[in-house]
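The values are calculated or read from the model by the stated rules, or taken from the named source; none is laboratory data. Given the structure is predicted, the values throughout are model-derived calculations rather than measurements. Every residue, glycine among them, receives a Cβ derived from its backbone with ideal geometry; neighbour counts consider all protein chains shown. Surface areas here come from the heavy atoms of the whole protein model, side chains and all, with no ligands, DNA or RNA. Shrake-Rupley method; radii C 1.70, N 1.55, O 1.52, S 1.80 Å.
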Amino acid sequence: MASIPQDLKYSEDHEWVLVDGGVATIGITHHAQDQLGDVVYLGDFPDTGSSIEQGDPVGVVESVKATSDIYAPISGSIVEINADLIESPELVNSDPYGEGWIVRMKIQDTEELNDLLSHEAYEELLD
Amino acid sequence: MGDAGRETVRHTPLHGVHKGMGARLVPFAGWEMPVQYSGILAEHKAVRERVGLFDVSHMGEFLVEGTGAEAFLQRLTSNDVSQLAVGQAQYTVACTETGGIVDDLLVYKRSGERYLVCVNAGRLDEDWDWFSGHHSASDQCSLVNASDDYAQLAIQGPRALEVVQRMTSVNLKEVPTYRFVEGVAAGRQCIIARTGYTGEDGFELFVDSASAEALWSACMEAGEPDGLLPIGLGARDTLRLEMKYCLYGNDITTDTTPLEARLAWITKLDKGDFIGRDALIRQKEEGVPRGLVGFVLKDRGIARHGYPVIVDGDSYGVVTSGAMSPSLGTAIGLCYLPRGRTRAGNSFEVEIRGRLIPAEVVKTPFFKRAGN
């Protein structure tokens with residue numbers, strides 16, 4: 001089991017959230033990519049600028065065998081989609097917490113960050 | 001066989017080996033089977049470029065033996081068993097009276113009166129009911145379900161011949177495609193067949209279940225110099241799909257005929273009577289209403305099994321198999337299209353999560369070896 005970064009927050013849907021000022025960068029965890037297997041496609045992203053409610057789908061990640069929705073862990077507007085994943089979806093496997101990030105959102109309500117799990121709580125979820 | 005109630009998950013003789021190798025195990029047709037070891041893409045590539053080893057012991061084996069064996073199989077299957085030489089294998093289907101496919105099968109002719117029929121794991125019970133239900137003493141042949149007695153390993157890939165040759169004194173160069181010999185490999189009595197489900201050169205070895213583990217280890221060792229990898233069902237599926245080999249339950253079912261599935265080449269309507277023949281002759285005369293085609297998506301996305309197929313704005317069945325092709329890097333799939341729309345270049349749409357993605361019929365197999 002790869003270590004779980006301590007500077008991130010986590011959702012029960014196995015997404016991670018990096019908060020930097022008013023912007024949240026979102027990806028899927030090492031555990032999530034491991035369960036999916038080789039990622040071969042990401043898509044169905046909302047347009048940049050569109051408003052998203054917490055829990056809404058913000059894309060789909062597909063491995064050879066499985067299709068999995070990505071749900072917005074917080075509400076906000078879409079700032080950026082990781083364009084590198086179009087050509088190189090395997091980054092989600094090789095570097096899930098780094099170059100494999102998926103979407104950036106402008107945080108609408110910082111209160112919602114309290115709904116997310118700490119790294120300790122996420123580690124417990126996996127046990 | 002035995003246990004009629006199939007509540008419990010079934011294991012091949014190699015289940016413990018897979019667990020020990022860290023394979024990811026998943027339920028498949030009532031069995032717990034490895035879906036991947038190192039990763040589906042790496043495994044797929046290993047088979048296309050080097051060599052891979054598969055445990056396919058979940059497949060079933062029926063033995064048909066006696067003076068009436070050929071006649072019995074002629075009646076139960078669509079291909080012409082009388083054309084088989086001793087030591088030859090034949091791809092075929094068993095049909096219902098209405099021409100639907102009970103299962104797709106391989107028939108191995110072991111001697112003038114002895115045949116082995118290899119059946120799909122997911123259809124084992126239905127096939128046994130079908131075969132035994134159509135078998136009687138007047139057939140003058142015995143019918144035995146030997147599925148538990150046999151393990152089956154497949155060694156597939158451009159280096160498969162070298163790997164298997166290291167384990168046997170049988171000259172494998174003298175065993176052409178779809179031929180087999182009964183001989184010794186790694187000290188075990190085997191049926192060594194030059195068959196497979198990947199589109200690569202390769203062999204399938206039938207061995208008694210008690211020898212499965214020893215043979216698996218011998219294959220791993222013999223393949224080591226060639227970079228052999230163990231291969232799970234995930235890559236087995238992408239490999240067969242790239243060749244447009246049918247998967248029972250997806251691409252062919254009791255609701256599809258071999259003519260619709262483009263398996264006319266194994267449907268010998270002029271060989272004499274067989275179960276389903278009348279219905280198939282009628283369908284051929286009336287015109288086969290649809291055909292199984294290969295397609296590629298023309299926009300981003302992956303068409304998966306069960307996604308709606310849209311022809312001229314109307315729903316027309318579903319994608320029967322679909323994946324991102326590891327060899328081609330494009331989304332490929334199979335589906336039935338109406339007569340007149342099945343030629344390469346024809347367009348239709350696949351509905352993916354509410355969106356219509358354009359698709360185009362292409363020639364198959366999707367994957368062609370360089371130089372072929």
For this session: List the residues of region A:34-70 that lose 40 Å² or more of accessible area once all protein chains are present, compared with their chain alone (1.4 Å probe, heavy atoms only, no ligands or nucleic acids).
Result: A:D38, A:V40, A:Y41, A:D44, A:E62, A:V64, A:K65
Seminar exercise, completed: Taking the chain alone as reference and the full protein assembly as comparison, with a 1.4 Å probe on protein heavy atoms only, the residues of region B:28-58 that lose at least 20 Å² of accessible area are B:I40, B:L41
Exercise. Could you work out the helix-only [θ] at 222 nm for chain B, with each DSSP H run of four or more residues adding -39,500 (n - 2.57) and the total divided by the number of residues, to the nearest 500 deg cm²/dmol?
Worked result: -5500 deg cm²/dmol
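For region B:1-288, report the accessible area per residue in Å² (1.4 Å probe, heavy atoms, rounded to an integer).
Roughly 38 Å² per residue, with all protein chains present.
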Seminar exercise, completed: Expected integer from the mean partner chain Cβ neighbour count at 10 Å over B:227-237 is 1
For this session: Output the peptides B:156-169, A:72-85 sorted from most to least packed, where packing is the average of other Cβ atoms within 10 Å over each peptide's residues.
Result: B:156-169, A:72-85
Exercise. Relative to the Cα centre, what is the charge dipole magnitude of region A:9-112, using +1 at the beta carbon of each Lys and Arg, -1 at the beta carbon of each Asp and Glu, and rounding to the nearest 20 debye?
Worked result: 80 debye
Exercise. Karplus couplings for region B:160-175 from phi (6.51 cos²θ - 1.76 cosθ + 1.60, θ = phi - 60°), rounded to Hz, Gly and Pro as x?
Worked result: 4, 4, 4, 5, 5, 4, 5, 9, 9, 8, 4, 6, 5, 5, 8, 10
Seminar exercise, completed: Note, B:A303: beta-carbon cut-off 13 Å, +1 each Lys/Arg, -1 each Asp/Glu, net 0
Exercise. Straight-line reach from A:K9: which lysines have Cα under 21 Å away, leaving out those fewer than 8 places along the same chain?
Worked result: A:K106
Exercise. Considering only the other residues whose Cβ falls under 13 Å of the Cβ of B:G345, what net charge follows from Lys and Arg at +1 and Asp and Glu at -1?
Worked result: +3
Exercise. How big a patch of accessible area, both sides summed and in Å² to the nearest 100, lies buried between A and B at a 1.4 Å probe?
Worked result: 1400 Å²
Exercise. Which of the residues in region B:321-358 lose at least 30 Å² of accessible area when you go from the chain alone to all protein chains together (probe 1.4 Å)?
Worked result: B:M324, B:R353, B:R355
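Just list whichever of B:K45/B:K368; B:K109/B:K284; B:K244/B:K363; B:K173/B:K368; B:K298/B:K363; B:K244/B:K368 have alpha carbons separated by over 18 Å in the model shown.
On the way: B:K45/B:K368 14 Å; B:K109/B:K284 29 Å; B:K244/B:K363 10 Å; B:K173/B:K368 23 Å; B:K298/B:K363 15 Å; B:K244/B:K368 11 Å.
Over 18 Å apart, Cα to Cα: B:K109/B:K284; B:K173/B:K368.
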Exercise. If we count every other residue with Cβ under 12 angstrom of A:L18's Cβ, Lys/Arg +1 and Asp/Glu -1, where does the sum land?
Worked result: -1
For this session: Would you list, by chain and number, the aspartates and glutamates whose Cα falls below 13 Å from the Cα of B:K268, excluding same-chain residues fewer than 8 positions away?
Result: B:D80, B:D278
